[in-house]
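Working notes for the structure below.
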Amino acid sequence: MNPLDRLDYAILGALQLDGSLSVAALAERVGLSSTPCWKRLKRLEDEGYVTGRVALVDRHKVGLPVTVFVSVRTQQHDEAWLAQFAAAAASLPEVQELHRMSGDVDYLLKVVTTDIGGYDRFYKKLIQAVPLSGVSSAFSMEQIKSTTALPLDLVSFGASKV
């Protein structure tokens, strides 16, 4: 059973679209007065539903126009190797996301960089960090959709949607 109600989801949805909203503006947007809205927001933060508020920066305008999806394969699947790999990937600022995958690819990284030369420098750091059995790179030609907002309208209250 989902511990959040309609108003909690309205608060989360509004914050996803504009994390800079004041409590008063947020309260107005979701139909609450400021104090109950603040209490709900504080609870959502305390319980880890809101993990942070950030400004989204246009990567093209700051000189990071290249996105690369890097598929990694390994012959090692023990916790020590994974810890070393995760630490190495986390230390590389180009890595935006790191996923452990099912199927033919063991790990998938989303990397942003300046250009092909920037990716080559990243690649050399990655392959020196830990033993890998294969690395494959796919360069994004065009970003068609990008959002940080979760589809909260897919969540039902009380029972799972099928």
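I need the phi-derived Karplus couplings for region 67-81: 6.51 cos²θ - 1.76 cosθ + 1.60, θ = phi - 60°, integer Hz, Gly and Pro marked x.
Once θ is set to phi - 60°, the couplings for region 67-81 become 10, 10, 9, 10, 8, 10, 10, 9, 8, 9, 10, 8, 5, 5, 4 Hz.
Which cross-chain or sequence-distant (5 or more) residues have an amide H under 5 Å from the amide H of V50, H modelled 1.01 Å from N in plane?
E45
If I take the Cα coordinates of region 1-63 and project them onto the principal axes, what are the three extents in Å, biggest first?
Result for region 1-63: principal-axis Cα extents of 42, 27, 17 Å.
Please list the three semi-axes, largest first and in whole Å, of the ellipsoid equivalent to region 97-151, using sqrt of 5 times the eigenvalues of its alpha carbon gyration tensor. Could you put the intermediate results ahead of the total?
Numbers: eigenvalues 96, 61, 21 Å².
Taking √(5λ) for each Cα gyration eigenvalue gives 22, 17, 10 Å.
Considering the Cα trace of region 66-139, what is its radius of gyration and what is Dmax, both in angstroms?
For region 66-139, the Cα-based Rg and Dmax read 11.4, 34 Å.
Too long at a 21 Å Cα-Cα cut-off: which of K61/K125; K42/K145; K61/K110?
Numbers: K61/K125 25 Å; K42/K145 31 Å; K61/K110 19 Å.
Correct reply: K61/K125; K42/K145.
Among K125, K42, K145, which one moves the most in a GNM of the chain with springs linking Cα atoms closer than 10 Å?
Among K125, K42, K145, the largest mean-square fluctuation in the Gaussian network model of the chain belongs to K145.
To one decimal place, what Kirkwood hydrodynamic radius in Å is obtained for the chain from all pairs of distinct Cα atoms?
Details: mean 1/r = 0.0529 Å⁻¹.
Hydrodynamic radius (Kirkwood, Cα only) of the chain equals 18.9 Å.
Per 0.36 nm of contour for each residue apart, how much would the distance between A86 and L56 grow if the chain were fully extended, relative to their Cα-Cα spacing? Spell out each step's value before the answer.
Working: separation 30, 0.36 × 30 = 10.80 nm, distance 2.44 nm.
Here the answer is 8.4 nm.
Give me M101, M141 sorted ascending by neighbouring Cβ count inside 10 Å, so fewest comes first. Write down the numbers at each step before the final one.
Working: M101 12, M141 7.
Result, fewest neighbours first: M141, M101.
Enumerate the calculated ³J(HN,Hα) couplings along region 125-132 in order (Karplus 6.51 cos²θ - 1.76 cosθ + 1.60, θ = phi - 60°), each rounded to whole Hz, writing x wherever the residue is Gly or Pro.
With the stated coefficients, region 125-132 comes to 5, 5, 6, 7, 6, 8, x, 10 Hz.
Whole-Hz ³J(HN,Hα) for each residue in region 140-156, computed from phi via Karplus 6.51 cos²θ - 1.76 cosθ + 1.60 with θ = phi - 60°, x for glycine and proline: what do you get?
6, 7, 7, 8, 8, 9, 8, 8, 9, 7, 6, x, 4, 5, 7, 8, 9
FYI, it's all coordinate maths here, none of it is from the lab. Here the structure is a predicted model, which means the values were calculated and not measured. Note that each Cβ is placed from the backbone with ideal geometry, even for glycine, and that neighbours are counted across all protein chains shown.
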